[in-house]
Amino acid sequence: MDEQKNKAVGLLDQLNFQQKMSLAAAVAALFALIAGMWMWSQTPDYRVLYSNLSDRDGGAIIESLQQMNIPYKFAEGGGALLVSSSRVHEARLKLASQGLPKGGNVGFELMENQKFGITQFAEQINYQRALEGELARSVQTIGSVAAARVHLAIPKHSVFVKEQQKPSASVVLSLQGGRLLDSAQVSAIVHLISSSVPEMSAKNVTVVDQNGTLLSASHEGTGSDGLDANQLKYVQQIEQSYVKRIEALLIPLLGANNVRAQVSADIDFSRTEQTSESYKPNQPPNESAVRSQQSTEAMNGSGMNTAGGIPGALSNQPPVPATAPIVSATGAQGATTGGGNTASNANLSNLQKESTVNYEVDRTIRHTVLPVGSIKRLSVAVVVNGNRKVIDAKGKPSNKPLSDADKEQINKLVRDAMGFEQVRGDSLNVQVASFNESKETVEELPIWQQPDTIELGKSLLKYGLIAAAIFFIIFRIIKPAFDTLNEAMQNKTGGFTAVTEEKIPEATYAPSTSYEHSLQTARQIAQQEPKIVASVVKEWVNNA
C-alpha cells in the first residue's frame with residue numbers, strides 16, 4: 001500500500017503546474033457530473049396539489065407545507081401548486097385537517113372577530129357575508145362544482161304588511177371541465193339556498209354557470225314547458241328494460257351475437273283527472289230504496305152535525321148511540337125515538353186519500369286520476385341472424401337456417417315479452433337476415449408510439465446520458481492524464497537520453513558552430529525542462 005502511495009506521489013511530482021491543474025479539474029468535473037446525474041435521477045415527480053387557489057389560501061398552504069417539510073414548486077404561470085407525487089395524498093389529508101383550502105369564502109368565523117362598538121348595520125352586513133360564504137362552501141361540496149359564489153338580497157324588515165318584500169338569492173357556479181348539472185342537482189341547490197334563508201321562496205333563487213347559462217330556468221320549467229331530463233331518462237329506462245327482456249329470451253335460443261332488438265316507447269307524461277256521473281234505468285219498486293213517503297186523507301160533506309139542547313147537566317152527558325134518522329115523506333124533520341136527539345139535513349161526507357212515495361235514484365259518481373308515465377304505444381323491431389353457426393356431433397361448425405316454425409316461435413316470444421296489445425296500437429316487426437360477421441380490426445399503435453415504450457425510452461435516455469458523460473470524462477480526460485504520467489515515469493527510468501529524444505526539439509541536436517550557440521541552447525533546455533536538467537546534474541555529481 002505504501003509503495004503504491006509513494007508511486008502515485010512520485011507520478012504527481014513529475015507533473016508540472018499546468019498538468020496538475022488539468023488533472024484536478026478533470027477529477028472535479030467527474031465528481032460534479034456524477035453528483036449532478038445522481039441528483040437528476042433522484043428528482044421527484046411533481047404532481048398538482050391544488051390549482052386556482054386564492055392568494056389567502058395559497059399563502060396558508062405554503063406555510064403549512066414548510067412546517068411539514070414537504071417540498072413544493074409552482075407550475076408555469078403560477079396557476080397550480082405542485083408537490084412530490086409520493087406525498088400528494090398525505091399533503092391533502094393534512095391540509096384538510098387544518099381546513100385548507102377554504103375556497104376564498106369567509107364563513108361564520110367572520111363573526112368571531114367583531115370589533116367593540118360595531119354598529120347594527122355593520123353587524124348585519126357581516127352576518128350576510130358570513131351566510132353567503134357558508135352557503136358557497138356547501139354548494140362547492142357537490143362534485144361537479146369547482147367554485148361557487150352566493151349573493152343574498154335580504155330586505156329590511158318593515159312593520160307594514162304591504163311594504164314587506166321577500167328575500168332573493170343569486171348563485172354563480174364554476175363547473176369542473178366537461179361536467180354538467182342535471183335538473184335534480186339544480187333543484188337541490190335551489191332548495192338548499194331557499195331553506196337556509198327565512199321566508200325565501202325557491203322561485204326567488206337564480207342559478208347561473210360560468211358561461212352565463214341560466215340553470216334555474218330548466219328547473220322552473222319542469223312539468224310545463226320544455227323537456228325534463230328525468231322524463232328522458234325514464235323513457236330510456238323503459239326502452240332498455242324491454243330490450244333486455246327480449247334478448248334474455250332469444251339469446252339462449254339463438255346465441256349472443258345473433259339477436260339485435262330496439263324498442264321505441266311512447267310515454268304519456270300528462271297529468272289527467274276525470275270525473276263522471278252516470279244514472280241507471282229505473283228499478284222495480286220492490287228493488288228500490290224508499291227515500292220518502294207521504295199519505296193524506298180528506299173528508300168533504302154538505303152539512304155537519306152541530307151540538308144542540310138546553311145547557312146544563314144533560315148536555316154534559318155522553319151522547320147516545322147513533323140511530324138512523326126517520327125522514328117523513330114531506331121532508332120534515334122527525335123526532336128520534338128513545339133519546340130525543342135529532343139530526344137534520346145530515347148527509348154522508350166524501351172521503352179522499354192521497355199517498356206519495358219517493359224512491360232513491362241509482363247514480364254513480366267516478367273520479368279518476370290517470371297515472372303519469374303510462375305507456376301509450378310500443379314499437380319493437382327485432383333482427384335475427386338467419387344463418388346460425390351450429391356445431392354438430394363431430395365438432396364441425398355449420399350454418400343452419402331458421403325454419404318457419406322457429407320464426408313463428410320467435411314472434412310469439414317477442415309478443416309475450418313486450419306485452420303486445422292491439423288496442424293500444426303496438427307494432428312488432430321481426431326480420432330474419434344474414435349478419436355480416438366481418439370484424440373490424442382496430443389498428444394497434446406502433447411499439448414506438450405506445451406510452452409504456454415512450455416512458456421506457458425516456459428512462460433509458462436519461463441513464464444513457466449519465467453513462468456517456470462518465471465514459472467521456474474517464475477516457476477523454478482522466479485516461480490521457482494518467483498516460484502522460486506513465487510516459488513521464490518511463491522517461492525518468494530510461495535516462496536523460498530517452499527523455500531528451502522525446503522532449504528536446506530537433507533543433508537542439510543540430511551541430512553548433514560556436515560556443516554561444518551551445519550555451520543558448522542549454523539555457524533554453526533549462527527553462528523548458530528544469531527537472532530534466534536537475535536530473536542530469538545529479539547524475540553527473542554521482543558519477544564524479
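Using R₀ = 56 Å, calculate the FRET efficiency as 1/(1 + (r/R₀)^6) where r is the Cβ-Cβ separation of Thr119 and Leu370; round to 0.05.
0.40
Given Thr213, Ser168, Leu254, which one lies farthest toward the positive end of the charge dipole of the range 135-264, if we put +1 on the Cβ of every Lys and Arg and -1 on the Cβ of every Asp and Glu?
Selected residue: Ser168.
From the cross-link list Lys156/Lys203; Lys233/Lys407; Lys244/Lys412, which pairs have alpha carbons spaced over 25 Å apart?
Lys233/Lys407
Treat each spin label as a single point 7 Å out from the Cα along the C-beta direction, and report the Trp448 to Val537 distance in nm.
Going by the 7 Å Cα→Cβ label model, 6.8 nm.
Taking only the Cα atoms of the range 117-204, how large is their convex hull per residue, in Å³?
95
Within 10 Å, count the other beta carbons around each residue, average over each peptide in 351-359, 369-377, and list them highest first.
The packing order, highest mean first, is 369-377, 351-359.
What nm distance separates the two modelled labels at Arg47 and Arg415, each placed 7 Å from Cα along Cα→Cβ?
Distance between the two pseudo-spin positions: 6.0 nm.
For the residue pair Ile267 and Gln18, what label-to-label distance in nm results when each label sits 7 Å from Cα along the Cα-to-beta-carbon direction?
9.3
Place a +1 charge on the Cβ of each Lys and Arg in the range 128-257 and a -1 charge on the Cβ of each Asp and Glu, then give the dipole magnitude about the Cα centre in debye, rounded to the nearest 20.
Dipole about the Cα centre, nearest 20: 260 debye.
Here, each number is a calculation from the coordinates, and none is a lab measurement. The shown structure was predicted, so the numbers you read here are calculated from the model rather than taken from an experiment. Cβ coordinates were reconstructed from backbone atoms using ideal geometry, including for glycine residues, and neighbour counts include every protein chain displayed.
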